[in-house]
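Please treat every number below as a calculation from the coordinates, not as lab data. All values reported here derive from a predicted model rather than from experimental measurement. Virtual Cβ from ideal backbone geometry, glycine too; neighbours counted across all protein chains shown.
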Amino acid sequence: MLLTLFYILSAITLATAFLTIFSKNPIHSAIYLVLCFFSIAGHYLMFNAQFLAIVHVIVYSGAIMILMLFTIMLMNLNKEDEKNKSMLTRISAVISFCLVAFVLLAAFIKAQPVITEYKVSGQDYQSIKVLGQVLLNEYMVPFEFASVLLLVSMIGAVLLSKKEHINN
């Protein structure tokens with residue numbers, strides 16, 4: 001039963017990921033990406049990580065996809081305005097993709113897992129209280145860097161979308 005559910009969720013994840021990439025309509029791509037995020041949240045639920053699944057749905061499927069949809073709407077992507085890419089650009093993009101894929105595949109094949117002994121601390125890291133203590137004690141500086149980075153990117157997005165008024 002669990003294995004069947006894993007295969008179904010994996011098929012949905014892969015199908016919606018490919019549809020996200022190959023869809024011609026950017027709005028359809030965004031919807032496929034939301035479906036992909038929900039299926040990944042299903043994988044988290046299978047790993048018994050309920051809190052991570054809920055945060056994933058709230059953050060990615062909610063907030064980030066809304067921002068992406070606003071970006072798509074602000075960019076006003078129309079087929080008529082889009083210039084066709086030259087054949088040299090397309091060939092160079094395919095070659096670049098193949099090289100990056102080859103390097104990543106070689107890195108994954110050559111990578112050896114680090115085998116260490118696990119120390120059982122007895123703490124339940126599924127608990128929100130323990131997760132908050134770890135996040136705000138041991139990882140406080142990276143957490144604050146991430147919040148500042150998000151704040152700066154939000155300000156930049158507002159400034160980029162702001163239209164200038166020309167005074168005559």
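The table that follows gives values for the structure above.
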| read-out | value |
| --- | --- |
| Likely footprinting exposure, Ser61, Ser121, Ser92, fewest C-beta neighbours within 10 Å first | Ser121, Ser92, Ser61 |
| Nearest 10 degrees, 0 to 90: helix 128-137 Cα axis against the chain principal axis | 70 |
| Calculated on alpha-carbon atoms, Rg and Dmax of the chain in Å | 21.3, 72 |
| Count of lysine pairs in the chain with Cα separation under 23 Å (8 or more residues apart, or interchain) | 4 |
| Karplus-derived 3J(HN,Hα), 6.51/-1.76/1.60, for each residue of the range 19-29, Hz, glycine and proline x | 5, 4, 6, 9, 6, 7, 8, x, 5, 5, 4 |
| Fewest-first sequence of Val57, Val34, Val103 by Cβ atoms within 10 Å of each Cβ | Val103, Val57, Val34 |
| Ascending count of other beta-carbon atoms within 10 Å, so fewest first, for Leu19, Leu5, Leu99 | Leu99, Leu5, Leu19 |
| Percent RCO, i.e. relative contact order, over the chain, from Cα pairs under 8 Å lying at least 6 residues apart | 15 |
| Point-to-point label distance, Val148-Ala106, nm (Cα→Cβ direction, 7 Å offset) | 3.7 |
| Karplus-derived HN-Hα couplings along the range 49-62 (A = 6.51, B = -1.76, C = 1.60, θ = phi - 60°), whole Hz, x at Gly and Pro | 10, 5, 4, 5, 5, 5, 5, 4, 5, 5, 6, 7, 5, x |
